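Below is one structure, written out as structure tokens; the observations come after it.
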Amino acid sequence: MSVRPPDPAAAAAYGRPEVLVGALVQWLAHPAVAAELVAVRAVTAAPTLPVRVLTALGDVPTPAGRAAWRAGHAALAASFPAGRQEVFRDARHLLHVDRPETVADAVAAVRRDSGS
């Protein structure tokens, strides 16, 4: 999930039972949360605020998987009036670890676009 060697401290933290339980709960809740968001969006417009969806495709193993991941993120970005997608073909899931400057640039762009 990262191009960097595993960090032993992070591995120890992620291996703790409460972290694993939290990840499992999040994974199990995702379909219900996504369905709830679709229902809310059916009756309430998305807020007009700048949004950046950062799409890392470097560890999606198949062309079909990359296409689906990219399309899903494109739909998420398009669901916001001021949403934009930025695609990184060579970046992996832990984009914030491997390319923190990319995340910082996206945050700065959102701040700039919001007039802050």
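Accessible area per residue for the chain is 70 Å², calculated with a 1.4 Å probe on protein heavy atoms, without ligands, DNA or RNA. Residue-wise HN-Hα couplings along segment 15-29, as the Karplus relation 6.51 cos²θ - 1.76 cosθ + 1.60 with θ = phi - 60° gives them from phi, are x, 5, x, 5, 6, 5, 5, x, 5, 5, 4, 4, 4, 5, 7 Hz; Gly and Pro carry x. Roughly what angle does helix 63-78 make with the longest principal axis of the chain, taking Cα atoms, 0 to 90 degrees, to the nearest 10? With both axes taken from Cα atoms, the answer is about 40 degrees.
Taking amide H positions as modeled 1.01 Å from N, with prolines and chain starts lacking one, the residues under 5 Å from ALA91 and 5 or more places away or on another chain are LEU57, GLY58. Expressed as a whole percent, the accessible area of segment 50-116 that falls on carbon and sulfur atoms is 59 (1.4 Å probe). Overall, the ratio between the Cα radius of gyration of the chain and 2.2 N^0.38 Å, rounded to two decimals, is 1.22.
Summarising the amide proton neighbourhood of GLN85: residues at separation of 5 or more, or on other chains, whose placed amide H is nearer than 5 Å comprise VAL53.
In this structure GLU36 has an accessible area near 120 Å², from a 1.4 Å probe over the protein heavy atoms. For ALA78 and ALA108, the difference between the fully extended length at 0.36 nm per residue and the C-alpha to C-alpha distance is 8.8 nm.
The values are calculated or read from the model by the stated rules, or taken from the named source; none is laboratory data. Keep in mind the model is a prediction, meaning the values are calculated, not measured. Just so you know, the surface numbers come from the protein's heavy atoms only, side chains and all, with ligands and any DNA or RNA stripped out. Shrake-Rupley method; radii C 1.70, N 1.55, O 1.52, S 1.80 Å.
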